[in-house]
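A.B. asks: I'd like to ask some things about the structure below.
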Amino acid sequence: MDTGNNNDIPTLLKSNFPPYGRDFPGAIPTGRFSDGKVPSDIIAESLGIAKTLPPYLGSNLKPHDLLKGVIFASGGSGYDPLTSTLLSVVSMSDQLKYFQEYLAKIKQHFGEEKVKFILEKSVFLVVSSSNDLAETYWVRSVEYDRNSYAEYLVELASEFIKELSELGAKNIGVFSGVPVGCLPAQRTLFGGFERKCYEKLNNMALHFNSKLSSSLDTLKKELPSRLIFIDVYDTLLDIIKNPTNYGFKVADKGCCGTGKIELMELCNKFTPFTCSDASTHVFFDSYHPSEKAYQIITHKLLAKYRKYLNT
């Protein structure tokens, strides 16, 4: 979901260089972890809000840009505060602080009524857990097994949603975890010679999803916000398992380089073997989907869940 917040912070987790962004308008590498647009852009465009959404930390952000929505997401972040610490990115708690700062700017430039309107009418999307499940779990595994770590993440997610609701957000969509065991990098590390999906990771994501869905059911009775659990797991898994049904040729490797491990600086304009057409691949690098995959996923989710949100 990050549209470039990581560009302006001291982290190695960046994508503001080619071949990232090669299919973005103007072929510009913006800090989006894909060949083109990411789901936040696609959702905004589908809802008629804007063709793309700016990162909140973007240096070119103008007051009127705030009214169309902004992205607080930081690539590499997670519900677990250790995740953002390990990768030196913006934590979820700091993203909430930026959101409060954002509301103060809206009030300053456009008045209290505009703040109230945005809080009541906007859709707030919470998208996290992939980095926690795929990366941070291994650090936490000395104190948690897979199921207990997934449950710990749900506790953190629930607290985040409560805080977001307390700040006034009325329409909150919370994304499920994805089949992280099928990411090309995880196949390379744990999938053996055949590079199969690593089902232990997928099962942890499923356990997280089950507990998160139940937690949201409980929170719906406690909070004044409308909460929607958005299940992206099955949608992405079906694309990965049946790529030709969606017009893809490759689902187990990314487009960039060998597609098996390249990510961030390892995915650069000098990386050999990068594919010529990213739309043939479900993934662009070893971790993130291509724009075409994002388009398919996002439009399927919008068709299913838009009616539940007060847009």
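A.B. asks: Could you check residue 59 against (1) over 19 Å from the mean Cα position of the chain (by Cα); (2) of a type in the set (S, T, N, Q); (3) within 20 Å of residue 124 (Cβ to Cβ) and say which number it fails?
C.D. replies: Only one criterion in (1) over 19 Å from the mean Cα position of the chain (by Cα); (2) of a type in the set (S, T, N, Q); (3) within 20 Å of residue 124 (Cβ to Cβ) is unmet by residue 59, namely (3).
A.B. asks: Of 167, 125, 153, 133, which residue is more than 17 Å from residue 305 (Cβ to Cβ), touching a helix residue (DSSP H, G or I) at 6+ places or on another chain (Cβ under 8 Å) and open to solvent by 20 Å² or more (accessible area, probe 1.4 Å)? So that I can check it myself, show each step before the final result.
C.D. replies: Numbers: 125 fails: more than 17 Å from residue 305 (Cβ to Cβ); 153 fails: open to solvent by 20 Å² or more (accessible area, probe 1.4 Å); 133 fails: open to solvent by 20 Å² or more (accessible area, probe 1.4 Å).
Step by step, each of 167, 125, 153, 133 is checked, and only 167 is more than 17 Å from residue 305 (Cβ to Cβ), touching a helix residue (DSSP H, G or I) at 6+ places or on another chain (Cβ under 8 Å) and open to solvent by 20 Å² or more (accessible area, probe 1.4 Å).
A.B. asks: Considering only the stretch 1-16, how many residues are of a type in the set (S, T, N, Q), farther than 16 Å from residue 295 by Cβ and open to solvent by less than 20 Å² (accessible area, probe 1.4 Å)?
C.D. replies: Start the filter on the stretch 1-16 by keeping residues that are of a type in the set (S, T, N, Q), which leaves 3, 5-7, 11, 15-16.
Next cut, farther than 16 Å from residue 295 by Cβ only: 5-7, 11, 15-16.
Narrowing the set further to residues that are open to solvent by less than 20 Å² (accessible area, probe 1.4 Å) leaves 5-6, 11, 15.
Number of matching residues: 4.
A.B. asks: Could you grab me the full set of residues in the stretch 136-150 that are among the hydrophobic types (A, V, I, L, M, F, W, C), exposed (fewer than 15 other Cβ atoms within 10 Å of the Cβ) and over 15 Å from residue 85 (Cα atoms)? First the steps, then the outcome.
C.D. replies: Restricting attention to the stretch 136-150, the residues satisfying the condition of being among the hydrophobic types (A, V, I, L, M, F, W, C) are 138-139, 142, 150.
Restricting the remaining residues to those that are exposed (fewer than 15 other Cβ atoms within 10 Å of the Cβ) gives 138-139, 142.
The one that is among the hydrophobic types (A, V, I, L, M, F, W, C), exposed (fewer than 15 other Cβ atoms within 10 Å of the Cβ) and over 15 Å from residue 85 (Cα atoms): 142.
A.B. asks: Scanning the stretch 79-89 for residues that are part of a loop (DSSP other than H, G, I, E, B) and either closer than 17 Å to residue 264 by Cα or without any contact (Cβ under 8 Å) to a residue 60 or more places away in the chain (or both), which turns out nearest to the chain's Cα centre (by Cα)? Please lay out each step first, then the result.
C.D. replies: First, the residues of the stretch 79-89 that are part of a loop (DSSP other than H, G, I, E, B): 79-80, 88-89.
Now drop any that are not either closer than 17 Å to residue 264 by Cα or without any contact (Cβ under 8 Å) to a residue 60 or more places away in the chain (or both), which leaves 88-89.
Working: 88: 17, 89: 14 Å.
Taking the candidates together, the pick is 89.
A.B. asks: Just checking, which of 180, 174 is closer than 19 Å to residue 125 by Cα, under 17 Å from the mean Cα position of the chain (by Cα) and not polar (S, T, N, Q)?
C.D. replies: Numbers: 180 fails: closer than 19 Å to residue 125 by Cα.
Exactly one residue qualifies, and that residue is 174.
A.B. asks: For the stretch 17-33, how many residues meet the condition of being under 19 Å from residue 51 (Cα atoms) and surrounded by fewer than 16 Cβ atoms within 10 Å (Cβ to Cβ)?
C.D. replies: Here is the first cut: in the stretch 17-33, the ones under 19 Å from residue 51 (Cα atoms) are 20-33.
Adding the requirement that they be surrounded by fewer than 16 Cβ atoms within 10 Å (Cβ to Cβ) leaves 25-28.
Of the residues in that region, 4 qualify.
A.B. asks: Output the residue which, of all residues in the stretch 82-103 that are open to solvent by less than 60 Å² (accessible area, probe 1.4 Å) and hydroxyl-bearing (Ser, Thr, Tyr), is farthest from residue 159 (Cα to Cα).
C.D. replies: 102
A.B. asks: Among residues belonging to the stretch 178-215 that are on the phi < 0 side of the Ramachandran plot, outside any helix (DSSP H, G or I) and open to solvent by less than 70 Å² (accessible area, probe 1.4 Å), point out the one that is modelled with the lowest pLDDT.
C.D. replies: The residue in question is 191.
The rows are residues; the columns are (1) within 30 Å of residue 262 (Cβ to Cβ); (2) in contact with an Asp or Glu (Cβ under 8 Å, 6 or more places away or on another chain); (3) not acidic (Asp, Glu).
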{"site": "39", "(1), (2), (3)": "yes, no, yes"}
{"site": "52", "(1), (2), (3)": "yes, yes, yes"}
{"site": "70", "(1), (2), (3)": "yes, no, yes"}
{"site": "89", "(1), (2), (3)": "yes, no, yes"}
{"site": "96", "(1), (2), (3)": "no, yes, yes"}
{"site": "100", "(1), (2), (3)": "no, no, yes"}
{"site": "107", "(1), (2), (3)": "no, no, yes"}
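A.B. asks: Here's another thing I want to ask about it. Any residue in the stretch 37-65 that is under 22 Å from residue 115 (Cα atoms) sitting within a Cβ distance under 6 Å of a residue that is of a type in the set (Phe, Trp, Tyr) and assigned to a helix (DSSP H, G or I)? List the pairs, counting only those 6 or more apart or interchain.
C.D. replies: 56/98
A.B. asks: When only residues in the stretch 34-48 that are more than 20 Å from residue 287 (Cβ to Cβ) and either buried (at least 24 other Cβ atoms within 10 Å of the Cβ) or not polar (S, T, N, Q) (or both) count, which is nearest to the chain's Cα centre (by Cα)? Quick ask: steps written out before the conclusion?
C.D. replies: Of the stretch 34-48, the ones more than 20 Å from residue 287 (Cβ to Cβ) are 43-48.
Within this subset, residues satisfying the condition of being either buried (at least 24 other Cβ atoms within 10 Å of the Cβ) or not polar (S, T, N, Q) (or both) are 43-45, 47-48.
Numbers: 43: 12, 44: 14, 45: 17, 47: 18, 48: 21 Å.
The residue in question is 43.
A.B. asks: Would you check if there is a residue in the stretch 31-50 being in a helix (DSSP H, G or I) and basic (Lys, Arg)?
C.D. replies: Going residue by residue through the stretch 31-50, those that are in a helix (DSSP H, G or I) are 39-46.
So of that shortlist, the ones also basic (Lys, Arg) come out as none.
Scanning the stretch 31-50 turns up no residue that is in a helix (DSSP H, G or I) and basic (Lys, Arg).
The values are calculated or read from the model by the stated rules, or taken from the named source; none is laboratory data. These figures come from a predicted structure and were not determined experimentally. Every residue, glycine as well, gets a Cβ built from its backbone with ideal geometry; the counts of neighbours run over all protein chains shown. Protein only, heavy atoms only, side chains kept; ligands, DNA and RNA dropped before computing areas. Shrake-Rupley method; radii C 1.70, N 1.55, O 1.52, S 1.80 Å.
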